[in-house]
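Presented below is the structure to which this report refers.
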Amino acid sequence: MIEAEKIIAFINKTVQAEGFSKAVVAVSGGVDSSVALVLTIKALGAENVYTLQLPYKNQSIESSDLILDWVKIPAENRVKINIGKIVDGFGVKDKARLGNIMARVRMIYSFDLAKKLNALVVGTENKSEKMLGYYTRFGDEAADIEPIIHLYKTQVKQLADELGIPKEILQAPPTAGLWPGQTDEKEFGFSYEMADMVLQGK
């Protein structure tokens, strides 16, 4: 848990140094956002952490509900907004473009809530995604602070296990939640385990 302690200290120090006390985390229910959320709560306290659930249309939020209940985020700190109407308003059918729009709409909601609350946006990107270019510019890669950006995906999963994050989240296939059945590894054509070995030069 030494790594967790370092990240917790980093979050606490950074938030205070910037003159803030509260944070906003967009929670998808995946392992990355769950780890970022848990560490942010340990750094700032659950009462100072606000969460966003931003499903597209009938997208399931079961996993994000699970982690929010598990960490005991107060009901008044939970914001749930369906982005379906706004995203569909662009009239885009192409999957890649639609996915980028979703990511950027979620970014806007995150920063707007942070502005409203005088808080910082905590990002959930990991090193594997960054090195592989698997993110949307000005979308899911936009944040005020990135506490797990130095960790490869496999390291994030290991940390999640150490933190005791529910197995349903830990064992679920990684997905950006862009369309039904979409997973990171299907799009890559290889697993994060394989990617991390190459990225780390093993």
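The values are calculated or read from the model by the stated rules, or taken from the named source; none is laboratory data. Everything numeric in this text was worked out from a predicted model, so none of it was measured. For neighbour counting, all protein chains shown are included, and Cβ atoms are generated from backbone atoms with ideal geometry for every residue, glycine included. Protein only, heavy atoms only, side chains kept; ligands, DNA and RNA dropped before computing areas. Shrake-Rupley method; radii C 1.70, N 1.55, O 1.52, S 1.80 Å.
Quick notes
- Rough spin-label spacing in nm, given labels placed 7 Å along Cα→Cβ, for Asn58 and Phe10: 4.0 nm
- Span from the segment 132-158 Cα centroid across to the segment 97-125 one, whole angstrom: 14 Å
- Taking segment 36-138 and dividing mean pair separation by its residue count, relative contact order in percent (alpha carbons under 8 Å, at least six apart): 26 percent
- Relative contact order, percent, segment 106-146 [alpha-carbon distance under 8 Å, six or more residues apart]: 51 percent
- Most fluctuating residue given options Asn82, Asn100, Asn58, as computed from a GNM of the chain linking Cα atoms under 10 Å: Asn58
- Check: segment 21-161 dipole with +1 on Lys, Arg Cβ and -1 on Asp, Glu Cβ, in debye: 340 debye
- Full extension of the segment from Glu76 to Gln200, taken as 0.36 nm per residue of separation minus the current Cα-Cα distance, would add 40.5 nm.
- In this Cβ point-charge picture (+1 for Lys and Arg, -1 for Asp and Glu), segment 83-133 has a dipole of about 40 debye about its Cα centre.
- Å² of accessible area per residue within the chain, as computed with a 1.4 Å probe and no ligands counted: 52 Å²
- In sequence order, segment 118-135 has phi-based couplings of 6, 10, 9, 8, 8, x, 10, 7, 10, 5, 4, 4, 4, 5, 7, x, 8, 6 Hz under the Karplus curve 6.51 cos²θ - 1.76 cosθ + 1.60, θ = phi - 60°, and Gly or Pro positions carry x.
- A Förster radius of 25 Å combined with the Cβ-Cβ distance from Asp65 to Ile149 puts the calculated FRET efficiency at roughly 0.45.
- Selected from Gly45, Gly19, Pro174, residue furthest toward positive end of dipole (the chain; charges at beta carbon): Gly19
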